[in-house]
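Comments concern the structure below.
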Amino acid sequence: MGYEFDFSSVLTDQYIDWLISGVRITLLLTAGAWIIAFVIAVVLAVLRATNFRPAVWLVAVFVEVHQNIPLLVQVLFWYFAMPELLPEAWRDWLVRNNSEFILAMIAIAMCTAAYMSEALRSGLRAVPVTQYEAGRSFGFNYLQTMSYIVVPQALRLSVPPMVNHSLLLFKNTSIAMAIGVHELTYQTRQIDSDTFRTFEVFLVATGLYLVLSFIIMFVGNLIERRFSMGTR
Amino acid sequence: MLEIVQNNWTLLLVGQYPAGPLGGIVATLLLAIAGLALAFPFAILLAVARLSPYRWVNWPATAVVNIVRGMPFLMVIFWSYFALPILIGRPLSGFWTLVGALVLYESAYLAEIIRAGIQALPRGQEEAARSLGFGYFRTLTFVILPQALYNSLPALIGQFVSLIKETSLGYVISVNEFTYAASQLNSQLLVRPVEVFSILAITYFIVCFALTQSARWVEQRIARTRQGKSSGMQIQTNPLATEPMP
Amino acid sequence: MIRFDKVNKWYGPQLKVLNEVTAEVKKGEVVVVCGPSGSGKTTLIRTINRLEPIDSGSITVNGTDAHSSKNNVNTLRRDIGFVFQQFNLFPHMSVLNNITLAPRKLRGMSRAAAEEKARELLDRVGLADKAEAYPAQLSGGQSQRVAIARSLAMDPPIILFDEPTSALDPEMVGEVLAVMKGLATTGITMMCVTHEMGFARDVADRVWFLDKGNLLEDAKPDEFFSNPTHPRAQRFLADLRH
């Protein structure tokens with residue numbers, strides 16, 4: 001092939017700075033969205049477990065809506081449409097405070113929360129009913145049985161899907177570039193259009209994504225092993 | 001909102017077709033179908049390779065799957081955009097660029113589904129076929145894969161929904177599909193983003209939700225036929241908050 | 001200690017699983033409940049600690065009405081050990097934590113005291129070396145012995161066994177029965193649903209025979225085995241010998 005690789009024109013001080021700030025925004029977006037998503041997911045899973053009809057129904061609607069619409073469309077909706085529906089003062093506040101980042105974070109968090117709450121729910125359903133019975137037969141009441149016996153097992157059972165959704169969340173932050181968040185994919189394209197060294201810069205960016213993904217997979221593996229209930 | 005749909009339904013449905021390129025929701029569905037159909041053979045190869053006892057077969061397959069699993073789909077799209085025309089030596093339309101990205105990305109995810117389906121089969125199936133004198137590949141094609149693929153049908157339909165959702169990212173490289181059509185409409189109308197993006201979201205929801213529901217229906221059917229064949233496979237689930245026991 | 005008085009229970013309108021069961025287990029007695037499958041044995045034993053509700057009649061355990069909504073079911077259950085067919089150990093906890101969970105959380109025992117007691121109990125069931133193991137690492141027989149130790153940790157005056165050896169491989173039945181035999185000599189009140197007729201002959205004070213929800217026999221083991229009065233019981237014993 002006649003192509004000559006030239007990484008030196010991509011890895012100048014300026015572009016390295018761009019890449020670092022891209023990684024920083026990607027990680028911030030991941031961490032912020034993860035925390036919001038986890039909290040919402042727990043609330044949704046608990047609401048669903050109450051068996052209170054309207055709550056169950058509301059959670060089901062939330063989950064289905066967020067799982068059956070492309071994340072990009074959700075992000076675009078939050079960015080273009082949602083501010084129109086907000087009071088003027090909120091809109092001003094958003095514009096003054098980096099609205100792209102905040103809205104992308106909310107959109108990604110809401111979508112991930114839907115998936116995570118399903119992971120938690122299937123964890124709860126996978127705990128055999130006999131475990132609950134055994135707990136009750138000792139004289140533990142409902143709450144004690146849930147908190148000592150059922151929920152700890154459910155959380156362990158939902159670790160693998162939770163890790164998977166965390167990885168997807170990290171990868172999905174790249175979608176935020178569509179509304180101009182300066183994360184890693186966005187910065188990569190900036191450097192590309194500055195230097196025209198397309199292959200080099202995309203190789204570097206892909207490498208960065210892979211390293212971060214592998215770290216998430218590796219940590220996820222450790223957590224899975226730590227909580228595997230001694231089956232291995 | 002209805003009025004926007006009335007005035008622009010051809011754009012949302014088929015784009016500029018037949019005067020210009022095909023677009024809209026029809027293009028979205030065609031993209032997803034083409035992506036799934038072309039990714040499928042690669043996925044089966046990858047799945048079988050990952051289960052191979054030979055290191056030099058399973059190791060590269062595992063590497064491919066993990067690398068793809070570690071990459072954002074957008075990155076795969078950009079690679080397809082830059083590298084695919086060079087690889088095949090001629091320019092590619094946006095449609096086929098996106099199909100290329102879908103095939104690469106989804107081969108890995110579909111492979112994992114198929115692999116799980118193969119691993120979920122009882123070992124006795126393979127042993128029985130091998131004892132009858134079938135070789136490795138015949139065992140695979142006559143005994144293992146038909147069962148594994150049938151059992152993973154719900155997951156495969158679910159993955160088709162993922163494909164439909166992923167095609168929306170073609171928007172970023174201006175592929176004529178549904179999200180792109182809606183964003184064009186949005187910049188034409190300028191002041192009605194709530195309505196335009198609601199139409200977009202609702203349409204995707206209807207298509208994807210219908211498919212998700214059919215996946216659940218298929219799953220129940222498969223579970224029922226399996227229950228008929230053999231008992232003792234049922235998993236007792238926890239009714240949890242049904243009500244505290246007496 | 002445990003008194004059944006005209007206990008009736010239906011599963012739906014058609015199926016009556018317990019029919020006017022009236023009987024008593026005295027303090028320190030060992031009662032073995034036997035009968036063909038579907039006779040209501042398991043249901044009967046599960047009504048004692050109210051895992052199954054009853055439709056009429058009463059069950060008195062240690063002087064308290066077990067099915068009265070006035071009596072706290074959790075307090076009742078603390079004093080009734082229950083051993084399941086499928087062990088139901090908690091897979092996310094070590095053996096030691098399985099045993100100490102209830103005494104610590106329900107009796108407020110300190111961790112140190114609870115662990116000391118747990119180790120004594122493990123020693124008694126012959127598993128002193130398994131304290132740190134997880135349930136998934138145990139064989140069936142070991143799991144069931146841990147489950148017995150777990151029930152004993154609350155010092156219950158009564159212990160109930162629901163087919164404790166039915167889920168075990170044959171070579172592991174003996175180790176569990178040995179533990180149960182040892183337990184029978186301690187003066188604890190024991191009730192045991194089992195198909196192990198050897199155990200019934202050697203250890204039981206009384207044998208109950210249940211068929212289609214009716215308690216047909218309540219006799220000393222030698223009477224029951226040599227000379228069962230009811231034809232249904234005769235047939236059951238004959239089938240077992242084949």
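The values are calculated or read from the model by the stated rules, or taken from the named source; none is laboratory data. Just so it is clear, the structure is predicted and the values come from calculations on it, not from any experiment. Using ideal geometry, Cβ is built from the backbone for each residue, glycine included, and neighbour counts are taken over all protein chains shown.
Looking only at residues in the range C:98-120 that are more than 22 Å from the chain's Cα centre (by Cα) and not charged (D, E, K, R), the one that is farthest from the other protein chains (Cβ to nearest Cβ) is C:Ala112. In the range B:163-206, which residues are under 18 Å from the mean Cα position of the chain (by Cα), of a type in the set (A, V, I, L, M, F, W, C), within 7 Å of another protein chain (Cβ to nearest Cβ) and within 19 Å of B:Ser93 (Cα to Cα)? Selection gives B:Leu169 alone. The residue list C:Ala147, C:Ala66 contains one member that is modelled with pLDDT of 90 or more, under 18 Å from the mean Cα position of the chain (by Cα) and closer than 20 Å to A:Gln131 by Cα, which is C:Ala147. Among the residues of the range B:93-128, just one is over 27 Å from A:Leu210 (Cα atoms), touching a helix residue (DSSP H, G or I) at 6+ places or on another chain (Cβ under 7 Å) and either without any contact (Cβ under 8 Å) to a residue 12 or more places away in the chain or β-branched (Val, Ile, Thr) (or both), namely B:Ile118. Taking the condition β-branched (Val, Ile, Thr) and under 28 Å from C:Asn227 (Cα atoms), does C:Thr165 pass? The answer is yes for C:Thr165.
When the residues of the range C:60-96 are filtered to those that are out of contact with any Lys or Arg (no Cβ under 7 Å at 6 or more places or on another chain) and part of a strand (DSSP E or B), the one that is nearest to the other protein chains (Cβ to nearest Cβ) is C:Phe82.
The residue pairs whose first member lies in the range C:147-166 and is part of a helix (DSSP H, G or I), whose second member is of a type in the set (Phe, Trp, Tyr), and whose beta carbons are closer than 8 Å, counting only pairs six or more residues apart or on different chains, are C:Ala147/C:Phe84; C:Ala147/C:Phe87; C:Ser151/C:Phe82.
Within the range C:120-132, does at least one residue satisfy the condition of being under 24 Å from A:Val151 (Cα atoms) and outside any helix (DSSP H, G or I)? Checked against the condition, which is being under 24 Å from A:Val151 (Cα atoms) and outside any helix (DSSP H, G or I), the range C:120-132 yields at least one hit.
Residues that are more than 14 Å from chain B (Cβ to nearest Cβ), surrounded by fewer than 21 Cβ atoms within 10 Å (Cβ to Cβ) and on the phi < 0 side of the Ramachandran plot number at least 1 in the following helices (runs of 4 or more DSSP H) confined to the range A:48-124: A:53-67, A:88-96. The residue that is surrounded by the most Cβ atoms within 10 Å (Cβ to Cβ), counting only those in the range A:1-46 that are outside any helix (DSSP H, G or I) and among the acidic types (Asp, Glu), is A:Asp6. Yes or no: B:Leu46 more than 11 Å from chain A (Cβ to nearest Cβ) and aliphatic (A, V, I, L, M)? Considered against the rule, which asks whether it is more than 11 Å from chain A (Cβ to nearest Cβ) and aliphatic (A, V, I, L, M), B:Leu46 comes out as yes.
So which residues in the range A:156-193 are at the interface with another protein chain (Cβ under 9 Å from one of its Cβ atoms), touching a residue at least 60 places away in the same chain (Cβ under 8 Å) and either over 20 Å from B:Arg69 (Cα atoms) or more than 17 Å from the chain's Cα centre (by Cα) (or both)? Across the range A:156-193, the qualifying residues are A:Arg156, A:Ala178, A:Thr188. Checking the stated criteria, C:Arg206 turns out to be among the basic types (Lys, Arg) and surrounded by 21 or more Cβ atoms within 10 Å (Cβ to Cβ).
If you go through the range C:1-31 and pick out every residue that is hydrophobic (A, V, I, L, M, F, W, C) and in contact with a Phe, Trp or Tyr (Cβ under 7 Å, 6 or more places away or on another chain), you end up with 4. For the range A:1-27, the set of residues classified as at pLDDT 90 or above and either in contact with a helix residue (DSSP H, G or I) (Cβ under 8 Å, 6 or more places away or on another chain) or on the phi > 0 side of the Ramachandran plot (or both) consists of A:Tyr15, A:Trp18, A:Leu19, A:Ser21, A:Gly22, A:Val23, A:Ile25, A:Thr26, A:Leu27, listed by residue number. Restricting the search to the range A:194-232, which residues are free of Cβ contacts under 8 Å to residues at least 12 places away in the same chain, within 14 Å of chain C (Cβ to nearest Cβ) and of a type in the set (Ser, Thr, Tyr)? Scanning the range A:194-232 gives a single hit, A:Thr231. The listed residues are C:Asp211, C:Asp205, C:Asp218, C:Asp239, and the only one of them that is under 20 Å from C:Ser39 (Cα atoms), touching a strand residue (DSSP E or B) at 6+ places or on another chain (Cβ under 7 Å) and charged (D, E, K, R) turns out to be C:Asp218.
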